[in-house]
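One structure coming up, written as structure tokens, with questions to follow.
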Amino acid sequence: QVHLVESGGGLVQAGGSLRLSCAASGSIAGILSMGWYRQAPGKQRELVATITSVGSTNYADSVKGRFTISRGDAKNTVYLQMNNLKPEDTAVYYCRLVGIGVALWGQGTQVTVSS
């Protein structure tokens, strides 16, 4: 069974940077998109950024210009470079993979931004 393994979360001061990584533990054919979502305490999970198999990207307005999503050379990996972090970016960040006949969530990684 394929799993998504995330890494890179942590505690950072406002204005700092973090890079999140996500890799599928096995081979998946027909990946359509990968992305990142986040959920802050008491709030619903929301989209942060997605990237399709052909490289098209989509960002939440709140992160445009600060976050960059990219895929690794191994097409089952995705990264999220987060710059100029703000306290309101504090949340659990989840990786998402959507493919033909498959949709997976990662276990989540905590990002905490102190003011």
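Please treat every number below as a calculation from the coordinates, not as lab data. Quick caveat: nothing in here was measured; it's all calculated off a predicted structure. Backbone-built Cβ (ideal geometry, glycine too); neighbour counts: all protein chains shown.
Excluding residue 88 itself, calculate the net charge of residues whose Cβ lies under 15 Å from the Cβ of residue 88, where each Lys or Arg counts +1 and each Asp or Glu counts -1.
Once positives and negatives cancel, what remains is +2.
For the chain, what's the relative contact order in percent, using C-alpha pairs closer than 8 Å and at least 6 residues apart?
36 percent
Separate question: By a straight-distance test (C-alpha under 25 Å), which lysines pair with residue 43 as possible cross-link partners, with residues fewer than eight away in the same chain excluded?
In chain and number order, the partners are 64, 86.
What dipole magnitude, in Debye to the nearest 20, does the chain give about its Cα centre under +1 on Lys/Arg Cβ and -1 on Asp/Glu Cβ? Kindly include the intermediate steps, with their values, before the conclusion.
Details: 10 positive and 6 negative charges, 13 e Å.
For this selection, approximately 60 debye.
In a shell of Cβ-Cβ distance under 15 Å around residue 31, excluding residue 31 itself, what net charge do Lys and Arg (+1) and Asp and Glu (-1) give?
Once all neighbours under 15 Å are counted, the net charge is +2.
So what's the net charge close to residue 45: Lys and Arg +1, Asp and Glu -1, counting the other residues with Cβ under 14 Å from its Cβ?
Within the 14 Å Cβ shell, the charges total +2.
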